[in-house]
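See structure below.
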Amino acid sequence: MFQSMKRYIAGAGLVLPAALASHVAAAQDDGAGAELYDQYCATCHADPEDVRTPTRRALGTYNANSIHHALTDGVMQAQAAALSEEQIITLSEYLSGREYNASPMRNVAMCSGSMPPLDLSAPGNWAAWGNDIGNSRHQSADGTRINADNLEALELAWVFGYEDASSARANPTVVSGTVFMGSPSGTVYAMDLENGCAWWTFAAISQVRAAVSVVHSDALNRHLAVVADGSNRLYVLDARSGERLWWDDVDDNRYATSTGSPVVHGDRIFVPVSSGEVSAAARPDHHCCTFRGNVAAYDLNSGTKLWHTYVMEEAEPVGENSLGNPVLAPSGAPIWQAPSVDASRGVVYAGTGQNYSRPTTDTSDAVIAFDIESGEMRWVHQTMADDAFHMGCAMSDDHPNCPDPGPDVDIGAPILPVTLSDGREIVVAGTKGGVVFGLDPDRDGAVLWETRVGRGSPLGGIHWGMSHVGDTLFVPVADRAIAEGDFPRQPGLHAIDMNSGEALWYTPAPQRCESGQQGCFDQYSAPPTSGPDFVLSGSLSGHLFAHDQRSGEVIWEYDSNREYETINEVSARGGAFDSTGPVLSGDHLIVNAGYGGFGQLPGNALLVFRLPRE
């Protein structure tokens, strides 16, 4: 199996994640930058005693602008008080290995007047990653005028270019005609949906790939924007002004990060935590591994942490690897996507990833139900046992950190609590192994049905999400690249009857890649979005497709593979659709295009479509 994984990575043109690639750039000595680091930073960052302090290597994953922000206006301003602006820029560029942009907002037009009132009851809202606390990714006819009959009339209204980015992966949210979105630079935007002017911006200290959740606090009498960034910092902002009300670093593990979006129910924020240690373990000298997946709950109004639940015990030494370094376990089981809330049962559902080291746990590759009040794990249903994998396993058969690698077929998509038309309630989960499970929430996740829709692979199978309306579940499948398996590869869109798990239809991903086209893959990895009578699903080919909900027929498509003129004068082009999906709001369709990771088609464009005005 492992030899085939090596062939898969080489054949697919995969590269190590940017977090590893940046270590090389960050290690380059530019003289002045290295001297400043040694004088002002190395004492704390070279070998930090406090696990919340990022290492020198970890600082290489930040962009120059976010480091500059930390040194001038953020947590490090006291330490940098003696430095000139020129020295701060030199240090920021040295640590990040990237160029500092003195005016990241120089071409963003600011809106005039006051932001329109925010109304969370407005039908066209899409106020969280999945449009509701159950992550259905559905917009009804009350929330959008777009339907199967007028899709062809959509016009590209405006395009926004993400600066210095090869991936556009922060799912936008929309409330009352205002678009809230994060960016690779760490800038959070509140923009007018009609023309793209900005009402306000906020600078997080690291990239923001999670969706911004917009809610109302009765206690504070304010609308709030809940943001999580790549440093695993949680912010609560005033949604009308961008003012920061409070923040906290969720998990003190140095590899913790936020990729999944926080979900808010009542006065509680539920924050999923994932990890960059899956990449760090590729270093032969890394002591693998210490991270363990977790979910934290916060009081929305005060920032008080209410509970923090890890899905396994703290790692301890269990042996040595071939270099004589300690092996630490248990570890891993990150939570990559947004949790879902089952309010009637008082639980929060999350899906976990694989373990990083052995021995493995029964909480990896699992559906976990957390008690809303206490954080206690009420039940666990494991979909794949004994799955341990990290990026070291992708490099060499004899990598010292990777004995006996597993298939890496974890759960990357949100867990879906569903009420069927006959009143029954089930929980639905999809795995990168290409299997969809219907589970009974009242019998500790007992399996009601199990349906295989693909062969599965480390890049999906079912990768980033699903959508449902009524009793029908829409499942995108990537099935990218691994050769073995008795089940046929089935990349494309599948529809499943959630009463029984029966397959209703399957439409293969349309073939749009030209022969030999580098980075182009005809597979569905991004989460879909269902509208009144169609389903939108983006392909790694850079094409966005609309399927008829009843038949699966492709009824509309858009090719994003082009250069765009942008409203902020940043060079932009489309590319692979991956990790985030379309948003439907009133007359508009909003989607990010471009995902340069894993050898795919890069891009940096936010595309905003609109129906013609009558």
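The values are calculated or read from the model by the stated rules, or taken from the named source; none is laboratory data. From a predicted model like this one, the values you see are computed outputs, not experimental measurements. Note that each Cβ is placed from the backbone with ideal geometry, even for glycine, and that neighbours are counted across all protein chains shown. We work out accessible area using only protein heavy atoms, side chains counted, and drop any ligands, DNA or RNA first. Shrake-Rupley method; radii C 1.70, N 1.55, O 1.52, S 1.80 Å.
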Does residue 171 satisfy the criteria of being open to solvent by less than 20 Å² (accessible area, probe 1.4 Å), at positive phi and in a loop (DSSP other than H, G, I, E, B)? no
Those residues of the stretch 397-416 which are farther than 18 Å from residue 359 by Cα and either among the aromatic types (Phe, Trp, Tyr) or open to solvent by less than 30 Å² (accessible area, probe 1.4 Å) (or both) amount to 411, 412, 413, 414, 415, 416
Within the stretch 269-296, the count of residues that are among the hydrophobic types (A, V, I, L, M, F, W, C) and modelled with pLDDT under 95 comes to 4
The residue that is farthest from residue 336 (Cα to Cα), considering only those in the stretch 182-199 that are in contact with a Ser or Thr (Cβ under 6 Å, 6 or more places away or on another chain) and not hydroxyl-bearing (Ser, Thr, Tyr), is 190
*For residue 183, are the conditions met, namely being surrounded by 22 or more Cβ atoms within 10 Å (Cβ to Cβ), more than 30 Å from residue 419 (Cβ to Cβ) and touching a helix residue (DSSP H, G or I) at 6+ places or on another chain (Cβ under 8 Å)?*
no
Expected single match for of a type in the set (S, T, N, Q) and assigned to a strand (DSSP E or B) among 551, 579, 585 is 585
Of the residues in the stretch 343-390, those that are open to solvent by 10 Å² or more (accessible area, probe 1.4 Å), among the charged types (D, E, K, R) and not in a strand (DSSP E or B) number 6
| Residue within the stretch 202-211 that is in contact with a strand residue (DSSP E or B) (Cβ under 7 Å, 6 or more places away or on another chain), open to solvent by 10 Å² or more (accessible area, probe 1.4 Å) and over 29 Å from residue 352 (Cβ atoms) present | yes
In the stretch 137-167, residues that are open to solvent by less than 10 Å² (accessible area, probe 1.4 Å) and under 20 Å from the mean Cα position of the chain (by Cα) total 4
In the stretch 599-611, anything buried (at least 22 other Cβ atoms within 10 Å of the Cβ), at pLDDT below 95 and more than 13 Å from residue 559 (Cα to Cα) is listed as 600, 604
Only unsatisfied item for residue 192, checking (1) among the acidic types (Asp, Glu); (2) open to solvent by 30 Å² or more (accessible area, probe 1.4 Å); (3) within 27 Å of residue 158 (Cβ to Cβ), is (2)
Only one of (1) free of Cβ contacts under 8 Å to residues at least 60 places away in the same chain; (2) on the phi > 0 side of the Ramachandran plot; (3) touching an Asp or Glu at 6+ places or on another chain (Cβ under 8 Å) does not apply to residue 266, and that is (3)
Going through the stretch 531-541 in order, the residues found to be in contact (Cβ under 8 Å) with a residue 60 or more places away in the chain, of a type outside the set (S, T, N, Q) and either open to solvent by 10 Å² or more (accessible area, probe 1.4 Å) or within 16 Å of residue 589 (Cα to Cα) (or both) are 531, 532, 533, 534, 535
Of (1) of a type in the set (D, E, K, R); (2) touching a strand residue (DSSP E or B) at 6+ places or on another chain (Cβ under 8 Å); (3) open to solvent by 20 Å² or more (accessible area, probe 1.4 Å); (4) part of a loop (DSSP other than H, G, I, E, B), residue 248 satisfies every one except (4)
Exactly one of 580, 566 is under 18 Å from the mean Cα position of the chain (by Cα) and in contact (Cβ under 8 Å) with a residue 40 or more places away in the chain, and that residue is 580
Taking the stretch 116-154 and keeping residues part of a loop (DSSP other than H, G, I, E, B) and farther than 27 Å from residue 428 by Cβ leaves 116, 117, 118, 119, 121, 122, 145, 149, 150, 154
When the stretch 312-341 is checked residue by residue, the ones that are among the polar types (S, T, N, Q) and either in contact (Cβ under 8 Å) with a residue 60 or more places away in the chain or not in a loop (DSSP other than H, G, I, E, B) (or both) are 321, 322, 325, 337, 340
In the stretch 297-322, anything open to solvent by less than 30 Å² (accessible area, probe 1.4 Å), within 25 Å of residue 359 (Cα to Cα), modelled with pLDDT of 95 or more and not β-branched (Val, Ile, Thr) is listed as 312, 315
Taking first residues from the stretch 492-510 that are without any contact (Cβ under 8 Å) to a residue 24 or more places away in the chain and second residues anywhere that are surrounded by 23 or more Cβ atoms within 10 Å (Cβ to Cβ) and in a strand (DSSP E or B), the pairs with Cβ under 7 Å that are 6 or more apart or on different chains are 508/492
From the option list 232, 253, 325, single residue qualifying as out of contact with any helix residue (DSSP H, G or I) (no Cβ under 7 Å at 6 or more places or on another chain), more than 25 Å from residue 120 (Cβ to Cβ), open to solvent by less than 10 Å² (accessible area, probe 1.4 Å) and not charged (D, E, K, R) is 232
